[in-house]
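Student: Mind looking over this structure? Questions follow.
The values are calculated or read from the model by the stated rules, or taken from the named source; none is laboratory data. Note that the structure is predicted; figures quoted are calculated from it, not measured. When we count neighbours, we look across all protein chains shown, and the Cβ atoms used for this are built from the backbone with ideal geometry, even at glycine.
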Amino acid sequence: MNAPQDIPQQAIPMFSPKHFPVYMDYSSTTPIDPRAVDKMMPYLREQFGNAASRSHAYGWAAEEAVEWARSEVAQLVHADPREIVWTSGATESINLALKGAAHFYKERGNHIITVKTEHKATLDTCRDLEREGFEVTYLDVLPNGLIDFAQLETAMKPGTILVSIMYVNNEIGVVQDIPAIGELCRARGAILHVDAAQATGKVEIDLEKTKVDLMSFSAHKTYGPKGMGALFVRRKPRIRLESQIHGGGHERGMRSGTLAVHQIVGMGEAFRIARIEMAEENKRIRALRDRLLAGLKDIEEVYVNGDMDQRVPHNLNISFNYVEGESMLMALKDLAISSGSACTSASLEPSYVLRALGRNDELAHSSIRFTLGRFTTEEEVDFTIKLVKEKIAKLRELSPLWEMFKDGIDLSTIKWAAH
């Protein structure tokens, strides 16, 4: 098939700075791997069929590609391909998991447990369920960002139908003990949902052994395309969900809508690459992260946020005391970094995750999240260290609070006048 040649091409407006900053924001999004792009392209051109079209070769080819990708996603997490449901991203997966399970099992009880440091996709969905009459317990975390297992155990009661805990925190990178949490939930008869958007390709996930019932995935956090995700829905013991999007009954009735074959193929290839390269890649990225930490830890009044042992290799979240976060971001414009989660960093409120760790407003406001990835180089890490040291020193020279601290004044004892 040949496309018409006489349609005028319009340029897409693009932001074009003199040079793009060094990318240190892999937890916000990852660049799509060129191999995933190459795998996607035929399905944007000649292989344009609808995977639900069972009467001709275009549809058969599309369906075959979709099932290949489903198998690749399943292999990364040791699941059955029939347990993978395609969605538009982790936010939709989380909504389907939480609302779908809560609605289906509401006759069993109405109590849900989650954690104060979860992604907004989980917290806001839980708030919505509260408005429907469900009771939600929001657990505190320990100062290192990990949950208190005893507190979770105490919070569970006969009417607890659902627990939702993220595998890897998007801001501080800590890894929760999901296998142990899974054992507890299974023993108590509660469904466990895990947000694994930040875990795939960084943490070994084995759903054959780990007692997780529902798990949400994102393509674009794992070098795949944006707008694509999946939900693991366990078959044995079988988990039932009330669908949230109604239509043609695609994805075994759990998620209707024509499948985006090119996006699905991109996610499948990204997860295939992650499975093969994860072990070596994590070693390399951990070495770069440790190099970054070694270069920054000697700066005075620097605090690492989150446990450093139970943590993914690519994340470093640091608070630079007596420096305001927004001014730091502006001073470090040659680095692409985040102050808190990219989904909420438009807000000037201090990070709710760091506040949950017990950090004061000043330390929460002065935090920077550095996240490294597949294409980060040693030269970029060294450039980051040099730039951060220079800019922090300059900003502190301008800070009256830093001067008072250096003069030995305990700032916590000062009563500031309200205006």
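Student: Which residues, taken from region 45-71, are within 18 Å of residue 227 (Cβ to Cβ) and surrounded by 15 or more Cβ atoms within 10 Å (Cβ to Cβ)?
Tutor: Correct list: 51, 62, 65, 66, 69, 70.
Student: With region 269-382 as the region, which helices (runs of 4 or more DSSP H) entirely inside it contain at least 1 residues that are hydroxyl-bearing (Ser, Thr, Tyr) and farther than 30 Å from residue 43 by Cβ?
Tutor: Here the list reads 325-331, 352-356.
Student: Follow-up question, since we're still on this one. Is it true that some residue in region 154-176 is of a type in the set (A, V, I, L, M), out of contact with any helix residue (DSSP H, G or I) (no Cβ under 8 Å at 6 or more places or on another chain), surrounded by fewer than 23 Cβ atoms within 10 Å (Cβ to Cβ) and touching a residue at least 24 places away in the same chain (Cβ under 8 Å)?
Tutor: yes
Student: Can I ask one more? Taking interchain pairs and intrachain pairs at least six residues apart, which have beta carbon atoms under 8 angstrom, with the first residue in region 392-409 and of a type in the set (Phe, Trp, Tyr) and the second surrounded by fewer than 17 Cβ atoms within 10 Å (Cβ to Cβ)?
Tutor: Once the first residue is of a type in the set (Phe, Trp, Tyr) and sits in region 392-409, its partners that are surrounded by fewer than 17 Cβ atoms within 10 Å (Cβ to Cβ) give 405/301; 405/411.
Student: Regarding residue 377, is this residue at pLDDT 80 or above, among the polar types (S, T, N, Q) and more than 27 Å from residue 353 (Cβ to Cβ)?
Tutor: Answer is yes for this residue.
Student: Out of 361, 382, I need the residue that is exposed (fewer than 15 other Cβ atoms within 10 Å of the Cβ) and without any contact (Cβ under 8 Å) to a residue 24 or more places away in the chain. Which one?
Tutor: Result: 361 is the single residue among 361, 382 that is exposed (fewer than 15 other Cβ atoms within 10 Å of the Cβ) and without any contact (Cβ under 8 Å) to a residue 24 or more places away in the chain.
Student: Within region 276-325, track down each residue that is surrounded by 17 or more Cβ atoms within 10 Å (Cβ to Cβ), over 22 Å from residue 339 (Cβ atoms) and not acidic (Asp, Glu).
Tutor: Answer for region 276-325, where residues must be surrounded by 17 or more Cβ atoms within 10 Å (Cβ to Cβ), over 22 Å from residue 339 (Cβ atoms) and not acidic (Asp, Glu): 278, 282.
Student: Still on this structure: Looking at region 177-193 only, could you name the residues that are closer than 16 Å to residue 140 by Cα and either crowded, with 24+ Cβ neighbours inside 10 Å or among the aliphatic types (A, V, I, L, M) (or both)?
Tutor: Of everything in region 177-193, just one residue is closer than 16 Å to residue 140 by Cα and either crowded, with 24+ Cβ neighbours inside 10 Å or among the aliphatic types (A, V, I, L, M) (or both), namely 181.
Student: Within region 56-79, work out how many residues are of a type in the set (Ser, Thr, Tyr) and at pLDDT 95 or above.
Tutor: Residues flagged as of a type in the set (Ser, Thr, Tyr) and at pLDDT 95 or above within region 56-79 amount to 1.
Student: For region 251-260, give me each residue that is in a loop (DSSP other than H, G, I, E, B) and either over 26 Å from the mean Cα position of the chain (by Cα) or small (Gly, Ala, Ser) (or both).
Tutor: Passing the criteria: 256, 257, 260.
Student: Okay, moving on. Which residue is surrounded by the most Cβ atoms within 10 Å (Cβ to Cβ), if the candidates are limited to region 194-226 and must be in contact with a Ser or Thr (Cβ under 7 Å, 6 or more places away or on another chain) and small (Gly, Ala, Ser)?
Tutor: 216
Student: Quick check: anything in region 127-136 of a type outside the set (Asp, Glu) and either modelled with pLDDT under 95 or within 28 Å of residue 363 (Cα to Cα) (or both)?
Tutor: yes
Student: Next question. Filter region 385-405 down to residues that are β-branched (Val, Ile, Thr) and surrounded by 20 or more Cβ atoms within 10 Å (Cβ to Cβ), then give me how many there are.
Tutor: Looking only at that region, the number is 2.
Student: Let me ask another. Check whether at least one residue in region 128-148 is in a helix (DSSP H, G or I), farther than 18 Å from residue 239 by Cβ and in contact with a Cys (Cβ under 9 Å, 6 or more places away or on another chain), and report yes or no.
Tutor: no
Student: Please go through region 90-113 and pick out each residue that is crowded, with 24+ Cβ neighbours inside 10 Å and hydroxyl-bearing (Ser, Thr, Tyr).
Tutor: Across region 90-113, the qualifying residue is only 93.
Student: Can you tell which of 137, 87 is surrounded by 16 or more Cβ atoms within 10 Å (Cβ to Cβ), assigned by TED's automatic domain parsing to the domain that holds residue 172 and touching a His at 6+ places or on another chain (Cβ under 8 Å)?
Tutor: Of the residues listed, the single one that is surrounded by 16 or more Cβ atoms within 10 Å (Cβ to Cβ), assigned by TED's automatic domain parsing to the domain that holds residue 172 and touching a His at 6+ places or on another chain (Cβ under 8 Å) is 137.
Student: Do we find that residue 105 is assigned by TED's automatic domain parsing to the domain that holds residue 205, under 26 Å from residue 240 (Cβ atoms), out of contact with any Phe, Trp or Tyr (no Cβ under 9 Å at 6 or more places or on another chain) and hydroxyl-bearing (Ser, Thr, Tyr) in this structure?
Tutor: Yes.
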